Amino acid sequence: MLNTLSEKAVDYFIKAINRPSRYRVAWQEYRHRSFAWKVRRRKRLDRNPLLVTIQDKLKVKQYARERGVESAEVYFVTDQPQTLPFDRLPENCFIKANHGCGWNIACIDSRLYRFANGNAFIRTDGTSAARKDIEKYSLTRAQCVDLCKKWLSLRYLANEWAYQDIEPKIIVEEPFRQAGGGVLTDYKVYVMDGTVKAISITGAIFRINHVDRLFFDRNWNLFRETQTKPLLDEALYRRPDKLDEMIDAAERLGRGIDFIRADLYNTTRGVRLGEITLYPFAGSPGSPSSSASFNKWLGDQWNQPF
């Protein structure tokens, strides 16, 4: 009997060692209660009704305004995409759904394009892609309407609870432009119980160059364990001149909530909220950083009340 059990145990551990790394990472995250494990736990257990409001890309704007934080100006809202007033829209704007992720259409010089996350619309040096390179993403007005109707018929990721009770809408809003010109930078601010714990810099230029996310603390000191690949232009990582304002905005947005990620931009019209994220990277094992030690530390900062 003992020999049989021993053989089974040895077989189990051999299989465990040879599992894909994703499963090993998930097991380590469970053991250490790291950040991604806590995101997955929130997906299963957290039913705070406020989460539905702040996950809604339309309603979060009012939530933010009540806390003194501005977001993109809204030009039009509808649940009937055929009513989109194409002839009266600004030459440059975004058409998006409020209840999903990556459901974005860009209007650029009055031409419509399937935008998604925007990676295809800039070059590796940060300059805008040539029109010939993005032509394959172009949409007619009829195709735009059909795509919006499709989005309205869908529910985004059933295992991300906060999306499920959002009333689907199509919104048209202003595009952001980076203060001082250059590449639009997305500052993803991790807020625990109303206190900023970490900030990462992202954006299309980082994604298309396959650069790991760098994380900084609230004083803009780099968490060096998150730097694993050569950097892009050093200027992209400089301390933002509006850092204090961004921290203040993020903490007002996160007050009274165990965790949010506030996605902020330093625009030509000041600090603006893009959206609030409740399930960063869907809790994918090994996120948000390639550094396991940082992910454990970030998880330690999150005190979950559920």
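The values are calculated or read from the model by the stated rules, or taken from the named source; none is laboratory data. No experiment lies behind these values; they were computed from the predicted model shown. Here the Cβ is made from the backbone with ideal geometry for all residues, glycine too, and neighbour counts use every protein chain on show.
Looking only at the range 120-152, filter to residues that are of a type in the set (S, T, N, Q) and not in a loop (DSSP other than H, G, I, E, B); which one of those is farthest from the chain's Cα centre (by Cα)? Out of the qualifying residues, it is Q143. Being touching a Ser or Thr at 6+ places or on another chain (Cβ under 7 Å) and surrounded by fewer than 17 Cβ atoms within 10 Å (Cβ to Cβ) holds for only one residue in D165, D212, and it is D212. Candidates are the residues of the range 109-157 that are without any contact (Cβ under 8 Å) to a residue 60 or more places away in the chain and touching an Asp or Glu at 6+ places or on another chain (Cβ under 8 Å); the one that is farthest from D233 (Cα to Cα) is S110.
Within the range 187-200, the set of residues being closer than 27 Å to A106 by Cβ and surrounded by fewer than 20 Cβ atoms within 10 Å (Cβ to Cβ) is empty. Please go through the range 127-162 and pick out each residue that is touching a Gly at 6+ places or on another chain (Cβ under 7 Å) and surrounded by 19 or more Cβ atoms within 10 Å (Cβ to Cβ). Of everything in the range 127-162, just one residue is touching a Gly at 6+ places or on another chain (Cβ under 7 Å) and surrounded by 19 or more Cβ atoms within 10 Å (Cβ to Cβ), namely W151.
Taken over the range 158-182, residues that are touching a residue at least 12 places away in the same chain (Cβ under 8 Å), among the hydrophobic types (A, V, I, L, M, F, W, C) and in a loop (DSSP other than H, G, I, E, B) amount to 3.
Report whether or not R155 is at pLDDT below 95 and either touching a Cys at 6+ places or on another chain (Cβ under 6 Å) or part of a loop (DSSP other than H, G, I, E, B) (or both). Answer is yes for this residue.
I260 meets the conditions (1) modelled with pLDDT of 95 or more; (2) under 25 Å from G126 (Cα atoms) in every case but one. The failed one is (2).
Here A106 meets the list (1) under 28 Å from F259 (Cα atoms); (2) of a type in the set (G, A, S); (3) in contact with a Gly (Cβ under 8 Å, 6 or more places away or on another chain) almost entirely, failing just condition (1). Exactly one residue among Y113, Y75 is within 22 Å of T185 (Cβ to Cβ), under 23 Å from the mean Cα position of the chain (by Cα) and either modelled with pLDDT under 95 or not in a helix (DSSP H, G or I) (or both), and that residue is Y113.
A quick yes/no check of all residues on (1) surrounded by fewer than 16 Cβ atoms within 10 Å (Cβ to Cβ); (2) within 20 Å of P305 (Cβ to Cβ):
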residue: R239; (1), (2): yes, no
residue: K242; (1), (2): no, no
residue: G256; (1), (2): yes, yes
residue: L264; (1), (2): no, no
residue: G270; (1), (2): yes, no
